[in-house]
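S.K.: Here you go, one structure.
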Amino acid sequence: MIRIQTDRAPAAIGPYSQAVVEGSLLYTSGQIPLSPLDGSLIGSTVAEQTEAAIANLNEVLIAGGSALDQVIKTTCYVRDMAAFAEFNEVYARHFTSCPARSCVEVSALPKGALVEIEAVAKLKKRK
């Protein structure tokens, strides 16, 4: 197992890796809308926070040798399913390959975030 770490995404706020590579797959930890610079929460709406969480996820994927278009499965956590349409609109713009997905409502997320997204992705083929 290879641990992935990038300064272009928020540092882990616990005893875990931003992502790990095992075989030809990259497994990310959940990404919430935190600034990689100072760890502050980005955005106040579900749409803003979803954009920021996906941006963080993308940086982790790139650091691990993958990309959003290589994602095969996501697990998404939202604090209020009433905001699902707002979340889904942003998500659909970024995940155009339509990976498999689970999306559940949770009572709380770290740092008071409204969304969290984790992914499993294929590694890009090396040339």
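S.K.: Using each residue's phi in the range 87-104, evaluate 6.51 cos²θ - 1.76 cosθ + 1.60 at θ = phi - 60° and report the 3J(HN,Hα) Karplus result to the nearest Hz, with x for Gly and Pro.
M.R.: Ordered by residue, 3J(HN,Hα) equals 4, 5, 4, 5, 4, 4, 5, 9, 9, 6, 7, 6, x, 4, 8, 10, 9, 10 Hz.
S.K.: Okay, next question. At a 10 Å Cβ-Cβ cut-off, how would you order 105, 59, fewest neighbours first? List each step's numbers first, then the result.
M.R.: On the way: 105 12, 59 18.
The most exposed by this proxy come first: 105, 59.
S.K.: For the chain, what does -39500 (n - 2.57) per DSSP helix run (n ≥ 4), summed and divided by total residues, give at 222 nm, in deg cm²/dmol to the nearest 500? Kindly include the intermediate steps, with their values, before the conclusion.
M.R.: On the way: 2 runs with 29 residues, N = 127.
Here the helix-only value at 222 nm equals -7500 deg cm²/dmol.
S.K.: In addition: Under 16 Å from the 7 Å Cα→Cβ point of residue 92, by amide nitrogen: which residues of the range 46-86?
M.R.: 47, 51, 83-86
S.K.: Give the span of the range 2-122's Cα atoms along each principal axis, as three whole-Å numbers ordered largest to smallest.
M.R.: So the extents along the principal axes, rounded to whole Å, are 38, 32, 21.
S.K.: Gain in length, residue 101 to residue 72, computed as 0.36 nm per residue apart minus the alpha-carbon separation, to one decimal in nm? Working shown, then result.
M.R.: Numbers: separation 29, 0.36 × 29 = 10.44 nm, distance 0.85 nm.
Going from the current span to full extension adds 9.6 nm.
S.K.: Give me 106, 60 ranked fewest to most by other Cβ atoms within 10 Å of their Cβ, as a rough exposure proxy. If you can, show how the numbers build up before the last one.
M.R.: Working: 106 12, 60 25.
Neighbour counts put them in this order, fewest first: 106, 60.
S.K.: Right, next: Highest GNM mean-square fluctuation, the chain, Cα pairs closer than 10 Å: which of 96, 50, 75?
M.R.: Among 96, 50, 75, the largest mean-square fluctuation in the Gaussian network model of the chain belongs to 96.
S.K.: Take 111, 125 and order them by how many other Cβ atoms sit within 10 Å, fewest up front. Walk me through the intermediate numbers first.
M.R.: Details: 111 14, 125 8.
Taking fewest neighbouring Cβ atoms as first place, the list is 125, 111.
S.K.: For the chain, compute the number of Lys pairs whose alpha carbons are separated by less than 27 Å, excluding pairs fewer than 8 positions apart on the same chain.
M.R.: On the way: 73/111; 73/122; 73/124; 73/125; 73/127.
Within the chain, the lysine pair count is 5.
S.K.: Any chance you could check the Cα centroid distance between the range 62-127 and the range 9-43 for me, in angstrom?
M.R.: 12 Å
S.K.: When the dipole is taken about the Cα centre of the chain, and only Lys, Arg (+1) and Asp, Glu (-1) are charged at their Cβ, what size is it in debye, to the nearest 20? Write out the running numbers ahead of the final one.
M.R.: Details: 12 positive and 13 negative charges, 144 e Å.
I would put it at about 700 debye.
Here, each number is a calculation from the coordinates, and none is a lab measurement. Predicted, not measured: the structure shown is a model, and the values here were computed from it. Glycine also receives a Cβ, built like all others from the backbone with ideal geometry; neighbour counts cover every protein chain displayed.
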